[in-house]
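**Student:** The following block contains the structure, expressed as structure tokens.
The values are calculated or read from the model by the stated rules, or taken from the named source; none is laboratory data. Note that this is a predicted model, so its numbers are computed, not measured. Glycine gets a Cβ as well: all are built from the backbone with ideal geometry, and neighbour counts include every protein chain shown.
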Amino acid sequence: MDSLFYAMLTGHLIADFWLQPSKWVMCKQKNGWKSKHLFFHALIAAILPVLFTMQIELWWFVPVIFIVHYLVDFMKSKSRDGFVAFITDQTVHIGLLLGLSFLIYHPESAFLSQQFWIFSAGFVLVTTPTGILIGKFLQMITLTQNTPLKTNASAWIGMIERILILIFILAGHIQAIGFLVAAKSIFRFSETQKEGNPKAEYFLLGTLVSFLVAILVGMGIKNVL
């Protein structure tokens, strides 16, 4: 697999997470196919992956991705927005990009270009996408709709720690992850104890899942390369 798929994957992750405000998501859930934000989001999610390939002959990918993305997001807006729905939604989107990348013949891209898109996809993946994934997973595990929401500061802490883990793994210093775990535990231990054991367990589970995903992404990048 060359850089075509990884370029489109990076574009998809940016469009679906970085460039989709929460108010757009709420508007889609409220208005369904009548939502103008659904149309604009599907359009961005179709154009950006193709734009990142820098191959104008792949213009016909845009309408294909737009139609599928629009329909999938519309159906998701009518279903319960949980962990399973999130995984199913992303599997269809990414599966479509994977299928399109194999549909046509294209020469192998330069290794440096391939490296760039693999790294880009990996680093984007461990930011907002993983944060949302962890939030929905914890919501499913705790079996409640009243799971405490992360503050902006907590979300940024989670993203930064996953980026650091990715850097440590790719740099060959996996032992540094232990110091990161220890440092975070020291700063957050007293805080979790104040609110009781359930809060401490919730924090511990979220941290372990966050670290696990970051480690798996880092190991995946090294194996792909």
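**Student:** Collect the residues in the stretch 55-84 that are touching a residue at least 24 places away in the same chain (Cβ under 8 Å) and not in a helix (DSSP H, G or I), keeping them in residue-number order.
**Tutor:** Once the filter is applied, which keeps residues that are touching a residue at least 24 places away in the same chain (Cβ under 8 Å) and not in a helix (DSSP H, G or I), the stretch 55-84 yields 55, 78, 81, 82.
Residue by residue, here is whether (1) closer than 23 Å to residue 119 by Cα; (2) modelled with pLDDT of 75 or more; (3) basic (Lys, Arg); (4) touching a Gly at 6+ places or on another chain (Cβ under 6 Å) holds:
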{"residue": "169", "(1), (2), (3), (4)": "yes, yes, no, yes"}
{"residue": "180", "(1), (2), (3), (4)": "yes, yes, no, no"}
{"residue": "183", "(1), (2), (3), (4)": "no, yes, no, no"}
{"residue": "191", "(1), (2), (3), (4)": "no, no, no, no"}
{"residue": "199", "(1), (2), (3), (4)": "no, no, yes, no"}
{"residue": "210", "(1), (2), (3), (4)": "yes, yes, no, yes"}
{"residue": "218", "(1), (2), (3), (4)": "yes, yes, no, no"}
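**Student:** Condition check: buried (at least 22 other Cβ atoms within 10 Å of the Cβ) and touching a helix residue (DSSP H, G or I) at 6+ places or on another chain (Cβ under 7 Å). Does residue 17 satisfy that?
**Tutor:** no
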